[in-house]
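Enquirer: Handing you this structure, nothing more for now.
Throughout, read-outs are computed from the coordinates displayed, never taken from laboratory work. All values derive from a computational prediction rather than experimental measurement. Glycine also receives a Cβ, built like all others from the backbone with ideal geometry; neighbour counts cover every protein chain displayed.
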Amino acid sequence: MREVRVLLNRKVAIGDTDPRLFGAFIEHLGRCVYGGIYEPDHPAADCHGFREDVLALVQELAPTIVRYPGGNFVSGYDWEDGVGPIASRPRRLDLAWLSTEINAFGTNEFIDWCRLARIEPMLAVNLGTRGADAARHLVEYCNHPAGTTLSDLRRSHGWDQPHGVKFWCLGNEMDGPWQMESKTATEYGRVATEAAKMMRWVDSSIELATCGSSGRNMPTFGSWEDTVLEHAFDHVEYISLHTYINNYAGDTAAFLASLDLMDRFIDEVVSIADAVAARRRSNKRIMLSFDEWNVWYRTRRTAEARTQPNWPVAPPILEEIYTMEDALAFGGMCISLLNHANRVKVGCLAQLVNVIAPIMTQTGGPAWRQTIFWPFSHFSNLGRGRVLQAQIDSPTYSATYFDPRGKQDLYFPVPQAPYLKLAAVHDERAGALTLFALNRNLTEEMPLRATAAGFSNLTVEQALQLQDADLKAVNTKAQPHRVKPRTLNRVRVEGGDVRAMLAPASWNVIRVKVS
Ligand code: AHR
């Protein structure tokens with residue numbers, strides 16, 4: 001392939017990354033909680049029942065904020081079931097995942113786990129089967145210091161100090177017919193507005209995210225955002241987006257091209273939110289909370305892949321085994337998030353453990369890193385700072401991405417996808433410039449040359465590459481290190497430019513010391 005040129009300028013930035021961009025998600029779903037972060041009988045469990053081996057991997061992964069308790073689960077969840085003495089908590093049918101919820105883990109345990117992991121908690125309220133009243137009560141239970149029945153109930157449960165949860169999601173995917181008590185945009189816009197008002201009256205310091213579309217392929221996408229924000233604009237700070245990309249078609253080039261549709265999705269939601277602002281002559285800018293994103297398809301489309309018969313407790317469902325190819329697509333999603341740092345302020349990798357997750361465990365056994373663990377840990381550990389506008393001169397290709405909705409087959413053309421997908425982050429404090437570079441060419445090496453104006457004394461500090469001749473390679477319990485980053489050797493600074501040779505189908509991270 002011919003040389004691919006990248007031009008950067010220290011003074012030309014997209015925006016600063018918000019710490020919350022590097023978040024994740026824990027749902028009461030399959031073995032994410034039970035057998036994932038929480039397994040009291042496990043040899044590595046601490047006195048709270050939290051798996052320390054999982055916690056160590058979470059800390060290496062370094063998510064900054066975690067969304068809980070769902071997901072689809074939250075739309076049928078009575079938060080009161082998950083507090084108080086564990087022995088007297090009810091067992092319930094969970095209609096989201098056709099499982100039995102034992103409620104041994106609830107809001108307070110989640111907060112404890114977050115504090116232990118030094119992660120900000122994010123809570124979602126049930127605007128499906130419940131509504132504004134239950135939502136304001138949960139805020140009061142969590143955040144009110146003392147002196148009311150609900151805040152004193154929390155204290156009597158053993159949590160004397162308020163949890164101080166700042167970030168709240170107003171329901172989950174309320175546009176989806178699979179959601180318990182899904183709603184029209186008008187119905188949801190009204191309920192979200194009333195819930196937001198009441199929750200904020202309880203605690204004026206909270207931040208609120210309203211539900212956007214559960215995917216760009218939803219028939220209501222666009223009009224949903226517009227209507228919901230017409231109602232809720234003055235009462236929320238964020239609107240959510242969800243995206244799960246797939247390779248159902250077995251077309252790797254199209255799978256990797258679909259990342260550009262994620263960019264488009266973000267741009268479209270920004271346009272709609274700003275159009276609502278314009279109609280009001282408002283200077284307020286609604287920010288984006290990309291609070292579910294990942295690769296997910298093998299365990300998605302059929303009911304058999306998503307559920308098991310007889311209402312099991314914590315069944316092993318949605319345990320997607322990620323390939324090398326998935327890690328490439330996933331890394332590209334990280335790049336899309338970084339390149340919208342000015343508007344996407346929150347991101348939650350869905351999910352954290354076992355369920356479509358970077359960390360896998362065996363119940364009673366070990367924990368290991370899936371392929372997607374690596375790009376996320378690079379993104380989170382090295383992606384903080386100011387994202388620079390990158391001008392990229394790369395050959396392109398065109399593809400058609402298959403993204404079904406239910407039983408309907410939908411196809412989305414992606415014209416002119418540059419083979420190089422890249423984000424550049426300047427960490428002023430660390431004196432470092434990090435390039436995240438995905439070579440989407442499946443057969444050819446890519447000679448890369450990046451010129452970064454306004455920087456001097458460039459020296460390569462770290463250069464990593466995730467690549468495997470077998471795009472279907474996976475990490476397993478038996479072979480947990482089959483796919484892992486290795487040193488990217490052919491990288492140097494020459495004449496002030498960063499030059500590297502990127503292998504075909506590779507994820508690359510180049511960190512350069514700068515002054
Ligand atoms: O993350 C798995 C599921 O995907 C979530 O419960 C739901 O919000 C989405 O459809």
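Enquirer: Might you report the magnitude of the Cβ-based charge dipole of the chain about its Cα centre, with Lys and Arg at +1 and Asp and Glu at -1, to the nearest 20 debye?
Expert: Details: 54 positive and 59 negative charges, 229 e Å.
Result for the chain is approximately 1100 debye, rounded to the nearest 20.
Enquirer: What fraction of the DSSP beta bridges in the range 304-430 is antiparallel, stated in percent and rounded to the nearest 5?
Expert: Numbers: 13 of 14 bridges.
Bridges in the range 304-430 are about 95 percent antiparallel.
Enquirer: Still on this structure, please answer the following. Defining a contact as two alpha carbons under 8 Å apart and six or more residues distant in sequence, what relative contact order in percent does the range 446-513 show? Don't skip to the end; give the middle numbers.
Expert: On the way: 109 pairs, mean separation 35.2, N = 68.
After rounding, I find 52 percent.
Enquirer: Working out 0.36 nm times the residue gap between T186 and N381, then minus their Cα-Cα distance, what length gain in nm do you get to one decimal?
Expert: Numbers: separation 195, 0.36 × 195 = 70.20 nm, distance 4.03 nm.
Gain in length upon complete extension: 66.2 nm.
Enquirer: Next up: Given a cut-off of under 8 Å on Cα pairs at least six residues apart, what relative contact order in percent is computed for the range 4-56? Intermediate results must be reported in sequence, preceding the final value.
Expert: Numbers: 32 pairs, mean separation 9.8, N = 53.
Contact order relative to length: 19 percent.
Enquirer: At q = 0.08, 0.10, 0.13 Å⁻¹, what is the log10 ratio I(q)/I(0) for the chain, with the Debye formula run over Cα points and no solvent?
Expert: The calculated log intensity ratios at q = 0.08, 0.10, 0.13 Å⁻¹ are -0.48, -0.77, -1.30.
Enquirer: How big is D for the range 278-337, in µm² s⁻¹ as a whole number, if Stokes-Einstein is applied with the Kirkwood radius of its Cα pairs at 25 °C and 0.890 mPa s? Display every interim value, and only then the final one.
Expert: Details: Rh = 15.1 Å.
In µm²/s, the coefficient is 163.
Enquirer: Explain nothing, just compute: Karplus ³J(HN,Hα) = 6.51 cos²θ - 1.76 cosθ + 1.60, θ = phi - 60°, for every residue of the range 301-310 in order, whole Hz, x for Gly and Pro.
Expert: Result, ordered by residue: 6, 9, 4, 5, 6, 9, 9, 10, x, 6 Hz.
Enquirer: Based only on other Cβ atoms within 10 Å, what is the fewest-to-most ordering of S398, S213?
Expert: The fewest-first ordering by Cβ neighbours comes to S398, S213.
Enquirer: In degrees from 0 to 90, rounded to the nearest 10, what is the angle of the helix 324-338 Cα long axis to the longest principal axis of the chain?
Expert: The helix 324-338 is inclined about 80 degrees to the chain.
Enquirer: Here's another thing I want to ask about it. Per residue, what volume in Å³ does the convex hull of the Cα atoms of the range 111-196 enclose? Provide the component values of the computation, followed by the final result.
Expert: Details: hull volume 9.0 nm³, N = 86.
Expressed per residue, the convex hull around the Cα atoms of the range 111-196 is 105 Å³.
Enquirer: Within the chain, count lysine pairs with alpha carbon atoms under 27 angstrom apart where the residues are 8 or more positions apart or belong to different chains.
Expert: Counting lysine pairs in the chain gives 23.
Enquirer: Return a whole-number percent for the relative contact order of the range 149-291, with Cα pairs under 8 Å and 6 or more residues apart as the contact set. Mind dumping the intermediate values first?
Expert: Values: 180 pairs, mean separation 32.1, N = 143.
RCO, the range 149-291: 22 percent.
Enquirer: Would you kindly derive the ³J(HN,Hα) couplings of the range 77-94 from the backbone phi angles with the Karplus curve 6.51 cos²θ - 1.76 cosθ + 1.60 (θ = phi - 60°), listing them in order in whole Hz, with x for Gly and Pro?
Expert: Once θ is set to phi - 60°, the couplings for the range 77-94 become 8, 9, 4, 5, 5, x, 10, x, x, 4, 4, 9, 7, x, 9, 10, 6, 9 Hz.
Enquirer: Can you sort S182, S456 by how many other beta carbons sit within 10 Å, fewest first? Don't skip to the answer; put the middle values down first.
Expert: Numbers: S182 17, S456 9.
By the 10 Å Cβ count, ascending: S456, S182.
Enquirer: Using the Karplus curve 6.51 cos²θ - 1.76 cosθ + 1.60 with θ = phi - 60°, what ³J(HN,Hα) values do you get for each residue of the range 273-279, in whole Hz, with x for Gly and Pro?
Expert: Values, residue by residue: 4, 6, 5, 5, 4, 5, 4 Hz.
Enquirer: Between R300 and R115, 0.36 nm times their residue separation minus their Cα-Cα distance comes to what?
Expert: Details: separation 185, 0.36 × 185 = 66.60 nm, distance 3.20 nm.
Length difference between fully extended and current span is 63.4 nm.
Enquirer: Report the full-extension gain for the segment D41 to S88: residue separation times 0.36 nm, less the Cα-Cα distance, to one decimal in nm. Show your work: numbers first, answer last.
Expert: Numbers: separation 47, 0.36 × 47 = 16.92 nm, distance 1.95 nm.
Full extension from D41 to S88 adds 15.0 nm.
Enquirer: Between L502 and residues 5 or more places away or on another chain, which pairs have amide H atoms under 5 Å apart, with H built 1.01 Å from N, and which residues are they?
Expert: M446, L448
Enquirer: Might you report the magnitude of the Cβ-based charge dipole of the range 247-296 about its Cα centre, with Lys and Arg at +1 and Asp and Glu at -1, to the nearest 20 debye? Please report the intermediate quantities before stating the final value.
Expert: Numbers: 6 positive and 8 negative charges, 114 e Å.
It works out to roughly 540 debye.
Enquirer: Run the paramagnetic zone check for T487: 7 angstrom along Cα to Cβ, then residues of the range 444-465 with backbone nitrogen under 18 Å.
Expert: Residues 459-465 fall inside that zone.
Enquirer: Within the P(r) computed for the range 334-457, what percentage of the Cα pairs occupies the region above 21 Å?
Expert: Values: 4385 of 7626 pairs.
Tail of P(r) above 21 Å: 58 percent of Cα pairs.
Enquirer: Roughly speaking, what is the centre-to-centre gap between the range 136-163 and the range 36-78 when only Cα atoms are used, to the nearest Å?
Expert: 22 Å
Enquirer: Among bridges DSSP assigns within the chain, what percent are antiparallel (round to 5)?
Expert: Numbers: 60 of 99 bridges.
For the chain, the DSSP antiparallel bridge percentage is about 60.
Enquirer: Nearest 20 debye, what's the magnitude of the dipole of the range 419-469 about its Cα centre given +1 on Lys and Arg Cβ and -1 on Asp and Glu Cβ? It would help to have the intermediate numbers written out before the result.
Expert: Numbers: 4 positive and 6 negative charges, 31 e Å.
Value, rounded to 20: 160 debye.
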